[in-house]
């Protein structure tokens, strides 16, 4: 591949605490630092949330959550590597296209609205399962509020019984009113 982002190393992260979930999180370690393209992606991707202090960009497309950091991309839900690869290839193409077109795109440096930890916490499943890498749901909510992680890290939110809360949380983190 040519462009800003040349390739990625893929891995699939399966949920550890909820064995009933059939979906996983795809992680891609990126060959190149994509920090410079994040403001351009923030300008062209609908409802993207940009955290310049991290830096990170979070957005949703086709029912999947994406989180971009300088050298890593994550997406959820996916069921297999075969399903994740074309989506990650689309992401690489999108990053490279935005980078190639950056002279014609007005970058958007607007930071995402500051989220409140307890507003996030009330929408989480509350099981303290640790699948997200945090000891508690409250700690996870604090990380989301600071822009240090994304909703996609909570595998339990993919359960259909949490669909309403997941949608409310996605609207909240995308800056829409809840």
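Taken together, the values in this text are just the output of simple stated rules run on the coordinates, not laboratory data. Values in this document were obtained by computation on a predicted structure and should not be read as measured data. Here the Cβ positions follow ideal geometry from the backbone for every residue, glycine too, while neighbour counts run over all protein chains shown.
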Taking the Cα atoms only, what angle lies between the long axis of helix 137-146 and the longest principal axis of the chain, rounded to 10 degrees? 30 degrees
Longest to shortest principal axis, alpha-carbon extents of the chain, angstrom: 45, 35, 25
Considering Cα pairs under 8 angstrom that are at least six residues apart, work out the relative contact order of the chain and quote it in whole percent. 24 percent
Tilt of helix 81-100 relative to the longest C-alpha principal axis of the chain, in degrees (0 to 90, nearest 10)? 40 degrees
Using alpha-carbon positions, the gyration tensor of region 8-104 gives root eigenvalues a ≥ b ≥ c; with a/c under 1.5 called rounded, otherwise prolate if a/b exceeds b/c, else oblate, the class is prolate
Quote to one decimal, in nm, the extra length available between residue 167 and residue 33 on full extension: 0.36 nm per residue of separation minus the C-alpha distance between them. 45.2 nm
Seen from all sides and averaged, what is the projected area of the convex hull of the Cα atoms in region 79-125, in nm²? 5.8 nm²
How would you rank 90, 99, going from fewest to most other Cβ atoms within 10 Å of each one's own Cβ? 90, 99
Order the peptides 115-121, 45-51, 102-108 from the highest to the lowest mean number of other Cβ atoms within 10 Å of their residues. 45-51, 115-121, 102-108
Would you please state which residues of region 126-154 a label at residue 117 would reach in this model, taking the label point 7 Å out along Cα→Cβ and a backbone N cut-off of under 11 Å? 138-146
What number in nm² do you get for region 117-173 if you take the convex hull of its Cα atoms and divide its surface by four? 3.2 nm²
Taking a ≥ b ≥ c as the square roots of the eigenvalues of the Cα gyration tensor, with a/c under 1.5 meaning rounded and otherwise prolate when a/b exceeds b/c and oblate if not, region 59-147 is oblate
Given the C-alpha centroids of region 38-93 and region 104-178, what is the distance between them in whole angstrom? 15 Å
Below 8 Å, C-alpha to C-alpha, sequence gap of six or more: please give me the relative contact order for region 8-104 in percent. 28 percent
